[in-house]
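A short reminder: the numbers here are calculations on the coordinates, not readings from a lab. All values derive from a computational prediction rather than experimental measurement. For neighbour counting, all protein chains shown are included, and Cβ atoms are generated from backbone atoms with ideal geometry for every residue, glycine included.
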Amino acid sequence: MTTRPDTDTLRIKVDGGVCMGHAMCNALAPEVYEVDDAGFNRMGEFELDPAGRGAAERGASACPERAISFPRSGPTAG
Amino acid sequence: MTDDRFPFPDGPLSTQPPEYARRRETCPMSDVTTPTGDPAVLVLKYHDVEAVMRDRRFSRDLSAPGTPRLFPSNLLSDDPDFLMNMHGEDHRRLRRIVASAFTPRRAEQWRPEVRRIADDLLDRVEAEGPPADLMAALSYQLPVRVICRQLGVPDEEGDKFQGWVAAFLSVSGMSMAEREVAAGEFTGYVEELVRRHRTAPGDDLVDQIVNARDEEDRLTEAELVSLVRGLIVGGNETVANSLSRCVLTLLSHRGLWDDLVRDRSDLPAAVEELLRVNPPGRIGLLRVATEDVELPSGTVRAGQAVISPLIAAGHDPEVFPEPDRIVLGREPQTLQFGAGPHFCLGVHLARVELQEALSALMDRFPGLELTAPPEDLPWNRGGYGITLSSLPVRW
């Protein structure tokens with residue numbers, strides 16, 4: 001048995017300072033992106049099973065602000 | 001001499017101005033002169049248009065003296081409290097107040113009601129029997145009724161909205177005096193509407209905005225009035241214009257109409273593609289660079305004005321091969337409603353309205369056809385948008 005390497009999980013970063021509440025991520029990929037009552041995504045940085053990559057990318061590319069990115073490494077300290 | 005006077009004439013059936021296609025090939029960032037006599041940079045490639053709309057160094061706040069303008073004095077650009085003319089934190093603050101009314105979830109909650117309204121309107125069209133003018137009987141009526149429900153006002157009050165909105169968006173069709181009269185009535189109505197909600201609070205969109213002012217002090221009284229007026233403007237002409245263009249394009253592509261009559265599952269994709277091929281606007285809004293900005297095709301200098309029409313982006317053959325062809329499921333599909341901070345507030349509701357109205361129309365009149373050759377249809381070119389004056393059909 002080998003353990004799954006870290007790169008297997010998908011890391012997603014939502015820039016809350018850029019999000020304008022258009023909620024396009026949620027409209028295209030509700031299984032990945034949650035928005036608050038005003039349509040804003042407050043998920044910050046989180047990990048997802050790589051099976052959700054297609055949906056995650058679909059939601060990210062629909063963002064009118066390009067607020068969603070996929071950092072390769074883990075979150076930076078601080 | 002080369003004529004740089006903007007806007008350029010649109011193509012047949014109010015499609016992309018042929019000058020856009022010519023300039024995109026030879027000079028994707030070119031100089032134009034706006035109707036105010038101001039110089040502006042016209043960008044026509046998808047990635048330039050997208051960058052202009054996204055980049056916060058381009059501002060919609062044109063209120064500083066000497067700032068370039070698109071059209072001479074008009075109600076839309078002269079209102080500094082209108083959401084479309086705001087920039088940065090003030091814009092974000094006001095959008096937040098109304099954003100919750102326009103989320104995907106709220107739009108879906110409206111879907112059955114939107115369908116009922118469309119069916120009611122088509123009941124009347126059918127009873128009065130062919131021919132019918134779908135522009136007056138459906139396209140203008142549907143969005144007005146939806147906004148009336150949102151604002152908690154009876155349909156009869158909405159009958160006045162169309163004229164007021166036309167005045168707000170007029171740049172040449174009406175005299176400034178006519179526009180001022182309409183603007184006075186429009187503002188008077190909105191102030192009265194706000195008074196009514198203060199006297200007898202409920203839980204509709206007006207109450208939500210009034211509450212944000214009276215309880216939470218999140219906006220000024222002038223911003224409140226402008227915001228309510230802006231909601232009435234924003235959701236009317238745009239949807240009416242888009243819906244009639246969707247119907248016109250579908251009836252000119254009979255195979256697609258027939259396919260969708262048989263199977264409605266491709267309708268959402270069809271709406272997106274129809275909006276790419278034939279969006280309601282030909283011009284877009286003018287923005288000013290607050291500092292030098294590098295775009296993919298070149299540099300815009302601080303203080304320069306930029307015009308970035310969505311229809312030009314949607315017809316960039318490097319992104320959409322054979323741009324005039326309707327191909328469902330094209331990627332990317334993100335610019336129909338703009339991009340960046342001014343991305344359409346009502347996007348989700350607009351989609352629901354277009355999908356439900358077209359679906360209701362296909363259920364009711366699968367054999368729908370125009371009564372006149374498409375090239376004979378009358379267009380109104382006096383406002384920010386170019387709209388069909390009528391859409392005569394039979395079934």
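Under the 0.36 nm per residue contour assumption, what length would be gained going from the current alpha-carbon distance of residue B:25 and residue B:324 to full extension? It would help to have the intermediate numbers written out before the result.
Values: separation 299, 0.36 × 299 = 107.64 nm, distance 1.57 nm.
Stretched fully, the residue B:25-residue B:324 segment lengthens by 106.1 nm.
Give me the tail of P(r) for region A:19-69 as a percent: Cα-Cα pairs with distance above 13 Å. Write down the numbers at each step before the final one.
On the way: 638 of 1275 pairs.
The calculated P(r) of region A:19-69 puts 50 percent of pairs beyond 13 Å.
Contour minus end-to-end for residue B:15 and residue B:253, with contour as 0.36 nm per residue of separation and end-to-end as the Cα-Cα distance?
Roughly 84.2 nm would be gained on extension.
Quote the relative contact order of region B:178-235 in percent (integer), defining contacts as alpha-carbon pairs under 8 Å separated by 6+ residues.
33 percent
Based solely on its DSSP helices, what 222 nm [θ] is calculated for chain B when runs of n ≥ 4 H residues each add -39,500 (n - 2.57) and the sum is averaged over all residues, nearest 500 deg cm²/dmol?
Details: 16 runs with 190 residues, N = 395.
Estimated from H runs of four or more residues: -15000 deg cm²/dmol.
Just to confirm a number: summing +1 for Lys and Arg and -1 for Asp and Glu over residues other than residue B:73 whose beta-carbon lies under 15 angstrom from that of residue B:73, what do you get?
Local net charge: -3.
Full extension from residue B:290 to residue B:264: what is 0.36 nm times the residue separation minus their Cα-Cα distance, to one decimal in nm?
Full extension of this stretch gives 4.8 nm more.
Cα convex hull of the protein assembly as shown: mean projected area in nm², to one decimal?
26.1 nm²
I need the calculated FRET efficiency for the pair residue B:369 and residue B:57, taking r as the beta carbon distance and R₀ as 45 Å, to the nearest 0.05.
Once the sixth-power term is evaluated, E becomes 0.40.
Give a quick list of trypsin sites (Lys or Arg not before Pro) in region A:18-78 that DSSP marks as loop, anything other than H, G, I, E or B, with at most 14 other Cβ atoms within 10 Å.
Working: sites: A:42, A:53, A:58, A:66, A:72; in loops: A:42, A:66, A:72.
Within region A:18-78, the qualifying trypsin sites (Lys or Arg not before Pro) (loop, at most 14 other Cβ atoms within 10 Å) are A:42, A:72.
I need the calculated FRET efficiency for the pair residue B:200 and residue B:221, taking r as the beta carbon distance and R₀ as 25 Å, to the nearest 0.05. Don't skip to the end; give the middle numbers.
On the way: r = 19 Å, r/R0 = 0.76.
That pair, residue B:200 with residue B:221, gives E of 0.85.
Please report, to one decimal in angstroms, the Kirkwood hydrodynamic radius of region B:12-394 built from all distinct Cα-Cα pairs. Provide the component values of the computation, followed by the final result.
Details: mean 1/r = 0.0462 Å⁻¹.
About 21.6 Å for region B:12-394.
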